[in-house]
Amino acid sequence: MATLAQLVDDVVVHKFEVASTDVTLGRHPENTVTIDDSAVSSHHARITQQANEYFPEYIEYFIEDCGSTNGTYINDLRIQGKKRLHNNDIVRLAWNRFKFLDEKESDMEKTVQMLNKTI
């Protein structure tokens with residue numbers, strides 16, 4: 001299971017599990033992750049998940065901006081549409097930073113590298 005770790009001055013202050021297939025982030029209290037910041041839109045972004053095409057036991061995570069005013073960023077690049085999240089990506093909603101952690105993806109990357117070396 002993946003985790004979003006909220007960062008303040010590069011220190012983790014909160015952790016949120018990305019447990020359901022549809023995790024919403026924003027200022028409105030009905031979101032899965034509520035961010036109390038006026039720079040964050042009411043319904044700012046959404047994280048969805050789906051099984052990997054080749055290894056269905058691995059889950060891939062995607063984030064999309066929901067028409068926010070101040071944007072959604074992955075590693076300081078503003079996203080358009082749905083983008084895949086990778087282990088250790090820094091997600092920014094307005095000025096709020098989160099580190100995306102997915103240990104299973106890290107394990108899968110090691111497996112893929114081993115497979116590539118034996119071919």
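Using every pair of separate Cα atoms, the Kirkwood estimate puts the hydrodynamic radius of the range 34-79 at 12.2 angstrom. In 10 Å bins starting at zero, report the fraction of Cα pairs in the chain per bin as a rounded %. Whole-percent P(r) values from 0 Å outward: 14, 45, 29, 10, 2, 0. Compared with the dominant Cα axis of the chain, that is its longest principal axis, helix 103-118 is turned about 30°.
For residue 37 and residue 20 in the same chain, what is the full-extension length gain: residue separation times 0.36 nm, less their Cα-Cα distance, in nm? Present the calculation step by step, with values, prior to reporting the outcome.
Numbers: separation 17, 0.36 × 17 = 6.12 nm, distance 2.37 nm.
Net length gain for the segment: 3.7 nm.
Highest GNM mean-square fluctuation among 100, 55, 16, for the chain modelled with Cα contacts below 10 Å: 55.
Every number here is computed from the coordinates shown, using simple stated rules; none is lab data. Being a predicted model, the structure only gives us computed values, none of them experimental.
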